[in-house]
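Below is one structure, written out as structure tokens; the observations come after it.
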Amino acid sequence: MAPHTTPQPDDAPDAERDAFHPDLPDHDHGAGDADSKLPLHARLHHIRADALDGDTAQTGGMRRFAAISGSGVGSQRIWMGQTHVAAQTASSNHHHGESETAIHVVKGHPEFVFLDDSSGTPQEIRIRTSPGDYIFVPPFVPHREENPSPGEEAVVVIARSTQEAIVVNLPELYVLSDEPGEE
């Protein structure tokens with residue numbers, strides 16, 4: 001099947017052509033869309049890969065970059081960004097408080113570790129991932145991220161349900177109780 005093409009006016013510059021809307025100019029302002037007269041919540045935002053914000057909370061061996069944030073685009077209930085995890089790096093044991101966290105593996109084979117006591121004895125569970133995999137971390141669940149590779153950086157995209165980077169470091173992993181207020 002041939003790709004969809006729309007006849008273009010002969011006088012339209014290539015940069016202003018759109019295959020579906022040839023009469024509309026290209027309004028993709030990228031990171032410089034601050035010049036728009038529309039309020040933040042009345043327009044779409046395009047954040048280019050080279051415009052991610054590195055002014056975020058950092059952890060040794062991990063570099064975090066914000067893409068979608070309250071300060072960047074005016075989001076209120078979602079934060080999204082990228083984390084680069086150096087080879088042979090592990091986070092501390094921690095949880096993310098009330099925040100739900102979704103992770104998409106872009107590069108490498110990071111591992112995610114938590115405790116399961118469904119058999120009656122707490123057992124460390126290690127989830128080994130590959131590019132294209134997803135991980136969901138529910139609120140308050142203690143876990144740890146690792147990149148055991150001796151030479152390959154891991155890159156993950158993170159989305160969370162809070163604007164704050166909630167990280168509660170823990171001395172060890174523990175099993176989250178079913179009863180509210182118990183740990």
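Along region 112-128 the Karplus relation, 6.51 cos²θ - 1.76 cosθ + 1.60 evaluated at θ = phi - 60°, assigns HN-Hα couplings of 10, 10, 8, 9, 10, 10, 5, 8, x, 10, x, 10, 6, 10, 10, 9, 8 Hz to successive residues, with x for each Gly and Pro. In region 63-141, what trypsin sites (Lys or Arg not before Pro) fall in a loop by DSSP, with at most 16 other Cβ atoms inside 10 Å? Here the sparse-neighbourhood loop sites are Arg77. Put in order of Cβ neighbour count within 10 Å, fewest first, the listed residues Thr121, Thr162 become Thr121, Thr162.
Take the Cα of Leu52, step 7 Å toward its Cβ, do the same at Val106, and the gap between the two points is 0.4 nm. This ranking places Tyr174, Tyr134 by how few other beta-carbon atoms lie within 10 Å of each, fewest first, which gives Tyr134, Tyr174.
Which net charge results when you count Lys and Arg as +1 and Asp and Glu as -1 among the other residues whose beta-carbon is under 9 Å from that of Val113? Taking every other residue near Val113 into account, the sum is -2.
Throughout, read-outs are computed from the coordinates displayed, never taken from laboratory work. The structure presented is a predicted model; accordingly, all values stated were derived computationally and were not measured. Ideal geometry is used to build each Cβ from the backbone, glycine not excepted, and the neighbour counts take in all protein chains shown.
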